[in-house]
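A short worksheet on the structure shown next.
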Amino acid sequence: TPYENILVETRTGAGSMNYGWIALNRPKALNALNDPLMDELGAALLAFEADDRIACIVLTGSEKAFAAGADIAMMAPFNFANAYRKGLISRNWDTLRQVRKPVIAAVAGFALGGGCEVAMACDLIIAADNARFGQPEVKLGIIPGAGGTQRLPRAVGKSKAMDLALTGRMMDAAEAERAGLVSRVVPAADLHAEADKIAQTLCGYSTLTLMAIKESVNRAYEAPLSEGLLFERRLFHALFSSNDQKEGMGAFLEKRPPSFTHD
Ligand code: HXC
């Protein structure tokens, strides 16, 4: 691997599809997000995005930390002028947003500040039972800077988002699941197997369909309901022009497993 702050693998999935596996790997700083790490993450995401044999991507950290936030040592010397001009932290965050394939966050340990924000920028979050989520920026005299005040209230509602961001407290995996931030909680030892299982499942489907679902669900956050429903219906109709729709429905009617060709 040419990377220094992340571990990257291609894992073999169902059919002829594979999935990408990215583990944040800066153990000395609990995977604190600095520019080199974010640059590598952006490059790895784009490489998987460009590979037609990749159906989806898993993003994880270590057992102790998904990521303990943006790198405080890196941020400490900034003033407004250079933070604004350099777009402090914004580099590569848009890359994560632009990936059209599903990205599954598998979170163990700390997901704080920018770490929680990276997880929330993924499409779904599964958590180990030792996961801790929080937006502790308030303690540092700043506010969340990459979606903490925007994605968190959409995920958990205003009251809990305010509670977390105003007090800086951490929320455990059970609370995060109750609140709807996290889709599943598993024992820490099973987290990677669970992520593999989800990725394997997605590898068995049409990537066209997966991308259309992601695009349409994300529309729910951008558009009023009437626009979102229209967008969904257009994509729904469009997929009837695909071979994968013929194959998926044909296979059901013939009582056999489908074999998608992603076209
Ligand atoms: C830089 C960090 C770091 C961070 C941990 N470390 N978090 N370095 N930036 N965000 C370093 C520590 O300095 C320490 O280095 C090593 O990682 C281990 O951390 P400890 O504190 O010794 O571990 P522990 O006692 O287990 O406590 C874990 C922790 C604590 C509760 C997660 O590290 C912590 O509170 N970290 C800061 C969390 C935070 O405030 N995050 C938000 C950042 S602001 P040494 O060299 O001493 O061993 C942010 C803004 C986002 O994210 C803006 C948009 C992206």
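Read-outs: derived from the displayed coordinates by stated rules, not from any lab. Note that the structure is a prediction, hence the values are computed from the model and not measured. Here the Cβ positions follow ideal geometry from the backbone for every residue, glycine too, while neighbour counts run over all protein chains shown.
What's the extension gain from Leu46 to Ser159 if we count 0.36 nm per residue and subtract their Cα-Cα distance?
That works out to 37.1 nm of additional length.
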Restricting the calculation to Cα positions, tell me the Rg (one decimal) and the Dmax (whole number) of segment 95-192 in Å.
12.6, 37
Calculated FRET efficiency for the pair Lys86/Thr10, C-beta based, R₀ 35 Å, to 0.05:
0.60
Quick one: Cα convex hull volume of segment 154-263, Å³ per residue?
145
Can you give me the span-like helices of the chain, meaning DSSP H runs with 20 Å or more of Cα extent along the axis and Kyte-Doolittle mean at or above -0.5?
35-50
Hydrodynamic radius by Kirkwood for the chain, inverse mean 1/r across distinct Cα pairs, in Å, is 19.3
From Cα coordinates alone, what are the radius of gyration and Dmax values for segment 14-166 in angstrom?
15.3, 51
Quick one: order Val8, Val58 by neighbouring beta-carbon count within 10 Å, fewest to most.
Val8, Val58
Taking a ≥ b ≥ c as the square roots of the eigenvalues of the Cα gyration tensor, with a/c under 1.5 meaning rounded and otherwise prolate when a/b exceeds b/c and oblate if not, segment 47-130 is oblate
Please order Leu210, Leu191, Leu33 by the number of other Cβ within 10 Å, starting at the fewest.
Leu210, Leu191, Leu33
Lysine pairs with alpha-carbon atoms under 24 Å apart, the chain, spacing 8 or more or separate chains:
14
Kindly list the residues of segment 207-233 that lie in the label zone of Arg97, defined by a backbone N under 12 Å from the point 7 Å along the Cα-to-C-beta vector.
222
Ratio of Rg to Rh over segment 1-56 (Cα coordinates, Kirkwood Rh, two decimals)
1.03
Could you please rank Tyr221, Tyr3, placing first whichever residue has the fewest other Cβ atoms within 10 Å of its Cβ?
Tyr221, Tyr3
Segment 5-140 - charge dipole about Cα centre, Lys and Arg +1 at Cβ, Asp and Glu -1, debye rounded to 20
200
Could you work out how far apart the two model spin labels at Asp35 and Glu227 are, taking each label as a point 7 Å from the Cα in the direction of the beta carbon, and quote it in nm?
3.5
Scattering profile of segment 47-87 from the Debye formula, Cα beads only, expressed as log10 I(q)/I(0) at q = 0.21 Å⁻¹, is -0.79
